[in-house]
Amino acid sequence: MPIAHPPSETGGQSRDVTANPIFAREPLDIPRFALPAAGLDPETAYQIVHDELMLDGNARLNLATFVTTWAEPSLERLMSESFDKNMIDKDEYPRTADLEARCVRMLADLWHAPDPATALGCSTTGSSEACMLGGLAMKRRWQLARRAAGKSIAQPNIVMGINVQICWEKFANYFDVEARLVPMEGDRLHLGAAEAVELCDENTIGVVAILGSTFDGSYEPVAEICAALDDLAERTGLDIPVHVDGASGAMIAPFCDPTLEWDFRLPRVASINTSGHKYGLVYPGVGWVVWRDRTALPAELVFTVNYLGGQMPTFALNFSRPGGQVIAQYFNFLRLGVDGYRRVQQTCRDVATSLAAAIAELGPFRLLTDGSQLPVFAFTVDPDAPFSAFDVSAALREAGWLVPAYTFPAKREDIAALRIVVRNGFSHDLANLLLDDLRRAVGRLSTQQAPQRGAEASSFAHGAGRASGSAGR
Ligand SMILES: *Cc1c(COP(=O)(O)O)cnc(C)c1O
């Protein structure tokens with residue numbers, strides 16, 4: 001799915017694009033699959049593209065995504081003022097580069113780095129790139145230590161729960177690291193500390209702990225995982241770092257759960273990533289990764305580029321990248337502050353927990369989580385109900401709501417769940433409207449003889465459910 005296949009030349013897709021411009025111009029045919037020989041007036045081209053995009057889902061009603069679908073007009077204004085700025089041109093846009101550095105330092109402080117002024121970090125296109133960088137730093141650290149000890153670097157592995165987002169499997173695959181995935185077991189639907197340690201050995205570059213599993217919104221027990229690894233280090237001398245994938249939770253926990261220790265307060269946490277475009281509240285295109293100190297990020301991974309003028313250190317997979325998202329992140333930090341973020345995230349949590357409780361009361365649903373960690377919850381359909389989670393997803397879609405249904409990975413493939421992600425802008429009022437539609441759908445679906453749709457009906461592709469084969473790719 002990440003690769004754009006040529007669309008099949010059947011059905012409505014086989015014809016050229018027949019456009020009847022609203023500007024009283026001559027109707028015209030434009031090739032669908034080849035570059036038109038001549039161009040069009042900008043208004044005509046705009047209208048054709050605009051009209052086709054009307055058929056996309058409504059982003060605000062997309063309860064599948066974690067990514068920002070509403071932001072303040074001032075943020076949009078700043079972003080549109082900076083469409084022309086390339087993040088990599090740090091020498092040409094030194095103020096933009098400085099805002100990036102300030103954001104890194106603010107995050108290092110928020111996540112309790114021992115010395116935020118010397119913590120290293122950078123912006124990325126999202127958590128996926130940030131996780132690749134975090135993984136690469138752990139791999140290189142392990143290689144350096146192994147080489148220094150005269151040991152083989154042939155078989156690195158990384159330990160994580162089977163519920164990891166697909167970016168971690170990509171990391172393992174693209175960078176030749178064996179992915180050691182801890183399966184789910186009974187009610188444990190994410191990584192456990194004992195189970196993680198059991199898979200560690202001298203070739204383990206690190207353990208990934210997720211603050212906010214995409215499957216159900218639950219926090220993994222980061223402190224317990226670190227304590228178990230401390231114990232392992234004491235017993236065996238194996239000193240294995242932890243990377244916290246806080247794509248969502250690293251922008252929730254600091255504001256809503258300030259006493260929860262999941263971050264650099266735990267000495268074993270070497271690096272943390274987050275998605276600026278999730279609960280960082282910026283539109284798609286920005287992530288962050290921060291290392292606790294200089295020893296966590298081998299200097300040899302950092303390139304110094306000088307051909308844009310000036311000397312510039314860079315650690316990134318991309319070169320060119322939009323600057324507006326980083327500018328918008330800094331805007332949000334100023335605009336909201338700690339108290340503003342707390343209010344936004346706590347409101348999301350309040351909406352999530354009350355909606356989850358109301359859904360549980362409808363009767364045929366069982367909550368897997370209740371929205372009290374990430375403002376995200378998952379629920380299953382009673383096995384006795386004459387409808388499936390996939391039927392419910394389809395019924396809600398008729399009312400405009402995009403609520404994904406997906407199956408869980410090994411060894412809980414028996415679970416088919418629905419998941420709701422509450423984001424800024426999804427108010428109590430919208431939640432009540434969703435609840436009304438869900439109640440109506442349940443009434444109608446209850447008259448069915450038997451479930452109509454199975455997992456094959458799901459095209460959900462948010463990187464949760466990868467291991468089930470159906471939902472994540
Ligand atoms: C969303 C997510 C990712 C990937 O983040 P992007 O910003 O979409 O690249 C990685 N890990 C977790 C836990 C996520 O929720």
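Every read-out reported here was derived from the displayed coordinates using simple, explicitly stated rules and does not represent laboratory data. Source: prediction; values computed, not measured. For neighbour counting, all protein chains shown are included, and Cβ atoms are generated from backbone atoms with ideal geometry for every residue, glycine included.
Computed 3J(HN,Hα) for the range 236-250, one whole-Hz value per residue from the Karplus formula 6.51 cos²θ - 1.76 cosθ + 1.60 where θ = phi - 60°, is 10, x, 6, 10, 9, x, 10, 9, 9, 8, x, 2, 9, x, 5, glycine and proline marked x.
Phi-derived couplings, Karplus 6.51 cos²θ - 1.76 cosθ + 1.60 at θ = phi - 60°, listed residue by residue for the range 128-142: 4, 5, 4, 5, 4, 5, x, x, 5, 5, 5, 5, 5, 4, 5 Hz, with x used for Gly and Pro.
Distances between placed amide hydrogens fall under 5 Å for Phe377 paired with Ile420, Val422, all partners being 5 or more residues away or on another chain.
Just to be sure I understand: of the beta bridges DSSP finds with both ends in the chain, what percent are antiparallel, rounded to 5? Roughly 65 percent of the beta bridges in the chain run antiparallel, per DSSP. The slack in the chain from Ala357 to Thr304, taken as 0.36 nm per residue of separation less the alpha-carbon distance, amounts to 13.8 nm.
Rounded to the nearest whole Hz, the Karplus-based 3J(HN,Hα) values (6.51 cos²θ - 1.76 cosθ + 1.60, θ = phi - 60°) of the range 56-72 follow the sequence 5, x, 7, 4, 5, 8, 7, 8, 7, 8, 8, 8, 3, 10, 8, 8, 5, with x at glycine and proline. Its residue count N sets the reference 2.2 N^0.38 Å, and the alpha-carbon radius of gyration of the chain equals 1.04 times that reference.
Based on Cα atoms of the range 75-332, Rg over Rh with Rh as the Kirkwood radius reads 0.97. Under 12 Å of direct C-alpha separation, and excluding same-chain neighbours fewer than eight residues apart, Lys139 reaches these aspartates and glutamates: Asp176, Glu178. Would you list which lysines come within 26 Å of Lys90, measuring only between C-alpha atoms, while excluding same-chain residues fewer than 8 positions from it? By straight Cα distance, Lys90 reaches Lys278. Per residue, the convex hull spanned by the Cα atoms of the range 114-236 measures out at 130 cubic angstrom. Between the range 32-73 and the range 228-252, what's the alpha-carbon centroid distance in Å? The range 32-73 and the range 228-252 have Cα centres spaced 42 Å from each other. What is the distance in Å between the Cα centroid of the range 137-175 and that of the range 355-393? Cα centroid of the range 137-175 versus Cα centroid of the range 355-393: 37 Å apart. Judged by the gyration tensor of its Cα atoms, with axes a ≥ b ≥ c, the range 11-56 is oblate; a/c meets the 1.5 cut and b/c is at least as large as a/b. Ranking of Phe171, Phe33, Phe377 by neighbouring Cβ atoms within 10 Å, starting from the fewest: Phe33, Phe171, Phe377. Its Cα gyration tensor gives the range 196-306 an equivalent ellipsoid; the semi-axes, largest first and in whole Å, are 24, 20, 12. Applying both filters, DSSP loop and at most 15 other Cβ atoms within 10 Å, to the chymotrypsin sites (Phe, Trp or Tyr not before Pro) of the range 250-349 gives Tyr307, Phe319.
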